[in-house]
Structures are given as structure tokens and as C-alpha cells.
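These notes concern the structure reproduced below.
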Amino acid sequence: MGFFTKDIKDLNDLFMHGLQDLYYAENQILKALPGMIEKATNPQLRAGFEKHLSETEGQVHRLRQVFELLDADPKGEKCPAIDGILKEGKELMSEIDDEDVMNVGLVAAAQAVEHYEITRYGALIAWATELGRTDVVPHLKASLAEEKATDVKLTALAERRINPQAEKAEKSERAKPKSTARRKPKAARPAAKPASKKRTAPKKARRRA
Ligand SMILES: [Fe+2]
Ligand SMILES: [Fe+2]
């Protein structure tokens, strides 16, 4: 973009600029993913990254198809946003030694990338629709669906945790001997408090609602 001239004059220019930004971004992500795969020791995370690498190849191909439909040459425009996100992820990876912590960090770094892509595809779909270029929308929507699905999977991994603390807690819970609780005589268990009238009333009210 020129410093003294305004290169983006209308919505079509804005759309083309966004498309070139995203084309650049997808290509940068394609270069970054092998490094993330290498660092991921969690099997599900690694498999997820591998799958997304092949999806990203398909997304680059789809963007080329969009350029073709628009009679434009596939061209990337340097995007400082994705450069920053990927740079931060790379720096983070270089600062972590512990495998478990690395997996947690990788999930967060990957989600930052997915969220960036989701907003960019979302904007492009809205602008293409407004510009009447509904022919390119299905290509953009197909990639958006993949980005969203990847984000959902990453969230699930983060919640089930790859997080070492949560995993440790889960393991120790599973390791507790079940027999002890069964052998405990019923009388030894603390008796349940009788429900007061005040507590019963709202319960009934909730049931009726
Ligand atoms: Fe992508
Ligand atoms: Fe992605």
C-alpha cells in the first residue's frame, strides 16, 4: 500500500486486498505447520496438525481458484498480522523445553492462527456477497468450515487437557481404590440432612416450570 496514495478506493479493492492478504497468510501457515508438527508430542495434536497441513494445501488451491474466477493473478500481500502471530508462536516454541507444556502452548498458538483465519474468511465472504460475486463464496465457505472445525478440535484438546495438571488430577482420581468406598458400612456415611420446608418449595416450583 502506498504511503501517500490511497490504494484501496472501493469495496472491490478492499476485497482484493483481503484476498491477497489471506493468500499470503495461508502460504505462511503452510510453511509454519511442519515445525509445529515436529514439536507436538501429543498424538492427537500431532495428527490434527498433520490433517490441517493437508487442508491448508487445499485452501491455498481454493484461493487460486477464487483468483481465477475473478480474472486476477494469484498474488500475496505481506500481512503483518499473520507474521506477528506466527512469529510469537515460533518464539514461544523456542522458550519451552517441557513436552507437556509445549503441547499446551502449541494448542494456544494454533488457535490464534485459526481465529485470525476465521475473521478473515468471514469478512471476505460478506464482501464477496455484497459485491455480487456469489461464485467465489462456496470456495471461501469451504475453507472457513475447515478453520472452524480445526478450532473446535483444538478447544476440545485444550479442555480435555493436554494440560499436564488436569491430566495428573484425572489419573490420581482413576487410581483411587474403588473397593474402599464399597466396603464402608452404610451407617458410617454421614446422614443426609433432612430437607427443610424452605428448600422443598422452590424445588417443586422448578419442576412445574
Ligand atoms: Fe487456513
Ligand atoms: Fe487454519
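Structure above, values below:
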read-out	value
Least to most buried among Leu86, Leu131, Leu69 (fewest other Cβ within 10 Å first)	Leu69, Leu131, Leu86
J(HN,Hα) series, region 51-66, from Karplus relation 6.51 cos²θ - 1.76 cosθ + 1.60, nearest Hz, glycine and proline x	4, 5, 5, 5, 5, 5, 4, x, 5, 5, 4, 4, 5, 4, 5, 5
In Hz, Karplus ³J(HN,Hα) per residue of region 18-29 (6.51, -1.76, 1.60; θ = phi - 60°; x = Gly, Pro)	x, 5, 5, 4, 5, 5, 4, 4, 4, 5, 5, 5
Estimated inter-spin distance, Gln44 and His17, nm [label 7 Å along Cα→Cβ]	4.1 nm
Hydrodynamic radius (Kirkwood) for region 1-95, which is based on Cα pairs only, to one decimal in Å	14.9 Å
Under the Karplus curve 6.51 cos²θ - 1.76 cosθ + 1.60, θ = phi - 60°, whole-Hz ³J(HN,Hα) for region 143-150, x wherever Gly or Pro sits	6, 4, 4, 5, 5, 5, 5, 5
Estimated distance in nm for a label pair at Leu69 and Thr134, the labels positioned 7 Å out from Cα along Cα-to-Cβ	1.2 nm
Kirkwood Rh, angstrom, region 3-59 [1 / mean 1/r, Cα pairs]	13.3 Å
Förster radius 41 Å - calculated FRET efficiency between Ser172 and Val60 (Cβ-Cβ, nearest 0.05)	0.35
Residue order, fewest to most surrounding Cβ atoms within 10 angstrom, among Thr129, Thr134	Thr134, Thr129
Paramagnetic reach from Arg160 in region 27-49 [backbone N under 20 Å; point 7 Å along Cα→Cβ]	37-49
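Read-outs: derived from the displayed coordinates by stated rules, not from any lab. In this text, all values refer to a predicted model and were calculated from it rather than measured experimentally. Virtual Cβ from ideal backbone geometry, glycine too; neighbours counted across all protein chains shown.
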